[in-house]
Amino acid sequence: MLAEKALVALTALKRLESERGLGVHEGTADQVRRALEAAGILFIESGQGRGVMFLHETSGTETRQARVRRVRSPT
């Protein structure tokens, strides 16, 4: 679904997600980033590391609260 939204090939997305550090074109990574941002995901970076923030409301008790989770730093 992400490959479709980002207008990239599924194989390119799999390479981007690979833990082996497989290379992808910079434009491919940029398209995926823009698709995730359009879905309400904000990429953040600070002196404490990198992470993401979900900007859209979530269901249940977390409604109207931004949730921040740390993510693995790409190599």
Answer yes or no as to whether Ser59 is of a type in the set (Ser, Thr, Tyr), at pLDDT 70 or above and exposed (fewer than 12 other Cβ atoms within 10 Å of the Cβ). no
Counting only residues that are assigned to a loop (DSSP other than H, G, I, E, B) and over 14 Å from the mean Cα position of the chain (by Cα), how many does segment 1-15 have? 3
Just to verify a result, which residue in segment 16-51, among those that are in a loop (DSSP other than H, G, I, E, B) and among the hydrophobic types (A, V, I, L, M, F, W, C), is surrounded by the most Cβ atoms within 10 Å (Cβ to Cβ)? Val24
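The values are calculated or read from the model by the stated rules, or taken from the named source; none is laboratory data. Predicted model only: the values in this text are computed from it and were never measured. Counting neighbours? That spans all protein chains shown, and the Cβs are built from the backbone with ideal geometry, glycine included.
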